Amino acid sequence: MTTIKEKAELFRALHRRGEPVVLANGWDVASARLVEDAGAKAVATTSAGVAWSLGAPDGDQVEREQALALIERVARAVKVPVTADIENGFAEKAEGVGETIRGVLAAGAVGVNIEDVIYTHAGVELRSVADQAERVAAAREAADAAGVALFINARVDIYLRAIGEPAERLNTTATRAAAFIEAGADGIFVPGVVDAETIAALVEAIAAPINVLAGPGAPSIPELAALGVARVSLGSSVAAAAYAVVERAAREAFEEGTYTAIEGGLAYPRLNGLVAGS
């Protein structure tokens, strides 16, 4: 049996510039098993997909224990390494992030995504560099104390949230990334970037594996590999696509009385078998 320490080292080794690890994010046991069955080298959770499945909006609206319980179910159900989207750490202060990391490791995951924003009633605010670096350091300290080489993927939301002047976003992202790397981050996740020129510049400017969020309109995985990307995530888009089938099928049944939207669905025995014993 592969130990959590071995899985952590395996997952870390998958992050290679120009040969990216591809993560089709899941949100429950069945989706995680389908991703693994398709040939994934690792499974990632999506915070948005998890939140939606639990009846909550994305953006730190899920309780830590709910998230950890889901991570544990997924990690137990698959053989490949699991990395978990823990939003901003399910904690107000840095020491709480460390506590979350201990829970993540106990659940069996060997990687995390940590966001650098705060969700408020007024919207989304960017954390200060010092504040976020302290939170990353707390995560690193907790993982090191457990003797697990947890892969900390520090997210920088400058492009995703369109923060600051466009001409300054690259430098701002690189500056924040450098501070997070110094604090103990292993990789940098920059969602919201899909143009090749910016991606190449980020790869050049940041001294850590770069993770991009891909989907329709983004460069293909071979193209991203050629740009030097080390990790490609599909994020919440897979869950969103699955829910789109639900909406289409329901509307078709109610409005037209037909069922074409559910043609090609996975067979009952296959899905049942995927989650048996999980």
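Bear in mind that the values in this text are calculations on the coordinates, not laboratory data. The structure presented is a predicted model; accordingly, all values stated were derived computationally and were not measured. Methodologically, a virtual Cβ is constructed for each residue, glycine included, from the backbone with ideal geometry; neighbour enumeration extends over all protein chains shown.
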> What is the distance, in nm, between label points placed 7 Å from the Cα along the Cα-to-Cβ direction at Lys5 and at Ala276?
Replying inline: 3.6
> Along the stretch 124-141, what does the Karplus equation 6.51 cos²θ - 1.76 cosθ + 1.60 (θ = phi - 60°) give for ³J(HN,Hα), rounded to whole Hz, x for Gly and Pro?
Replying inline: 10, 10, 7, 5, 5, 4, 5, 4, 5, 4, 5, 5, 5, 4, 5, 5, 4, 4
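Return a whole-number percent for the relative contact order of the chain, with Cα pairs under 8 Å and 6 or more residues apart as the contact set.
Details: 507 pairs, mean separation 57.3, N = 278.
21 percent.
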>> Could you tell me how far the Cα centroid of the stretch 175-207 sits from the Cα centroid of the stretch 254-278, in Å?
In response: 40
> By how many nm would the segment from Lys93 to Ala167 lengthen if fully extended, with 0.36 nm per residue of separation less the alpha-carbon distance?
Replying inline: 23.4 nm
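Normalised by the number of residues in the stretch 108-168, what is the relative contact order in percent for Cα pairs under 8 Å and 6+ residues apart?
On the way: 53 pairs, mean separation 26.8, N = 61.
Taking the mean separation of contacting Cα pairs over the length of the stretch 108-168, I get 44 percent.
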> Long-range amide H contacts for Phe189: which residues qualify at under 5 Å (H placed 1.01 Å from N, peptide plane, sequence gap of 5 or more or a different chain)?
Replying inline: Ala154, Arg155, Val156, Asn211
>> Could you give each residue of the stretch 197-202 its phi-based ³J(HN,Hα) in whole Hz, using Karplus coefficients 6.51, -1.76, 1.60 with θ = phi - 60°, and x for Gly or Pro?
In response: 5, 5, 4, 4, 5, 5
> From the Cα gyration tensor of the stretch 4-236, with a ≥ b ≥ c the square roots of its eigenvalues, which class applies: rounded if a/c is under 1.5, or else prolate if a/b is larger than b/c, or else oblate?
Replying inline: rounded
>> Suppose R0 equals 35 Å. What FRET efficiency, 1/(1 + (r/R0)^6) with r the Cβ-Cβ distance, do Tyr259 and Arg76 give to the nearest 0.05?
In response: 0.50
>> Tell me which trypsin sites (Lys or Arg not before Pro) from the stretch 1-74 have a DSSP coil assignment and no more than 10 other beta carbons within 10 Å of their own.
In response: none
>> 7 Å from Cα along Cα→Cβ at both Glu247 and Glu63: what's the point-to-point distance in nm?
In response: 3.0
> So how much slack lies between Tyr119 and Ala207, counting 0.36 nm per residue of separation and subtracting their Cα-Cα distance, in nm?
Replying inline: 28.9 nm
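Taking the Cβ of each residue in Val203, Val29 as the centre, tally the other Cβ atoms inside 10 Å and list the residues starting with the fewest.
Values: Val203 21, Val29 17.
Taking fewest neighbouring Cβ atoms as first place, the list is Val29, Val203.
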>> Using helices alone, I'd like the mean residue ellipticity at 222 nm for the chain: each DSSP H run of four-plus residues gives -39500 (n - 2.57), total over residue count, nearest 500.
In response: -14500 deg cm²/dmol
> Between Arg16 and Lys41, what is the label-to-label distance in nm when each label sits 7 Å out along the Cα-to-Cβ direction?
Replying inline: 0.6
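Using a/c under 1.5 as the rounded threshold, could you call the stretch 215-278 rounded, prolate or oblate? The axes a ≥ b ≥ c are square roots of the C-alpha gyration tensor eigenvalues, and prolate needs a/b larger than b/c, oblate otherwise.
Working: a/c = 3.31, a/b = 1.62, b/c = 2.05.
Oblate, because a/c is 1.5 or more while a/b does not exceed b/c.
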> Any idea what the relative contact order of the stretch 141-230 is, in percent, if you count C-alpha pairs under 8 Å spaced at least 6 apart?
Replying inline: 27
